[in-house]
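The values are calculated or read from the model by the stated rules, or taken from the named source; none is laboratory data. Because the structure is a prediction, the values reported are computed rather than measured. Every residue, glycine as well, gets a Cβ built from its backbone with ideal geometry; the counts of neighbours run over all protein chains shown. Side chains included, ligands, DNA and RNA excluded: accessible areas come from the protein's heavy atoms. Shrake-Rupley method; radii C 1.70, N 1.55, O 1.52, S 1.80 Å.
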Amino acid sequence: MANIFPRWSNTVPLKAIVALVLTATAATGGVWYYCSPSYSRVGYMPTQPVPYSHAIHVGQLGLDCRYCHTFVDRSEHANIPSPSICMNCHSPDLGNIKGDDPLLAPIRDSYASGLPVQWVKIHNTPDYVYFNHSVHVNRGVSCVECHGQINEEDTVYQSKPLGMAFCLDCHRNPEQHIRPLDKVFDLTWKADSAAQQSEQGAKFVHDWKVLPPQSCSGCHR
């Protein structure tokens, strides 16, 4: 009596098991990578090579964000400050503040060698998401809207989810998040009341012709 199934069908169960294992592995790896704290978890606070306190530099000393992030109002990226900026205040040759502090050794070494400090990136968006810093800050969106009260943080951490729902909430209600342009980098500024924020925010949206995109192509390019 002839076989009902061809001989190659004997390998189907093994191939199915291998396919299931590979699919499960890929799915687990994708979730592990893209749902890791560095992408999505509020509270992600990695250890940095140099303990930089925004609470001291910005909150106490009043350092303007643009002193270190020099292109944040002119570029889509908020650049990481070069060691030369740090050395303006912490150079041992000039006898500046904490010029010989061992905690600042990575900054001094980077300045001498030209090799970058290996900072750990905290605020990530997927590669398929387009975000332009200059567009936002030049239309009254302050740093605190995405980064929280970073001027109070001794160690920077992710304080907002930065997911699509988070972005769309702002795009759908921009009047709740826009402030006067001269207050964008004043991280302690707040409107006197919710009503005032809504009123002046609506005026800014009208006067500045703010039309945040809500379609897919606005951010996924």
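Here GLN149 passes the criteria (1) farther than 18 Å from ASN124 by Cβ; (2) over 14 Å from the mean Cα position of the chain (by Cα) except the one numbered (2).
Which residues, taken from the stretch 200-221, are closer than 29 Å to VAL58 by Cβ and open to solvent by 100 Å² or more (accessible area, probe 1.4 Å)? Across the stretch 200-221, the qualifying residue is only LYS203.
Residue count for the stretch 168-191 under the criterion of being buried (at least 16 other Cβ atoms within 10 Å of the Cβ) and of a type in the set (Phe, Trp, Tyr): the result is 1. Might you let me know whether the stretch 151-163 holds any residue that is surrounded by fewer than 16 Cβ atoms within 10 Å (Cβ to Cβ) and polar (S, T, N, Q)? Yes, the conditions are met somewhere in the stretch 151-163.
Whether any residue in the stretch 78-91 is closer than 19 Å to ILE150 by Cβ, touching a helix residue (DSSP H, G or I) at 6+ places or on another chain (Cβ under 8 Å) and in contact (Cβ under 8 Å) with a residue 40 or more places away in the chain is what I want to check. Yes - at least one qualifying residue is present in the stretch 78-91. Close Cβ contacts (under 7 Å, 6 or more residues apart or on different chains) running from residues in the stretch 110-123 that are of a type in the set (Gly, Ala, Ser) to residues that are in a loop (DSSP other than H, G, I, E, B) and open to solvent by 90 Å² or more (accessible area, probe 1.4 Å) comprise SER110/PRO116.
State whether one or more residues within the stretch 5-12 are more than 28 Å from HIS69 (Cα to Cα), modelled with pLDDT under 75 and open to solvent by 70 Å² or more (accessible area, probe 1.4 Å). Yes: the stretch 5-12 contains one or more residues that are more than 28 Å from HIS69 (Cα to Cα), modelled with pLDDT under 75 and open to solvent by 70 Å² or more (accessible area, probe 1.4 Å).
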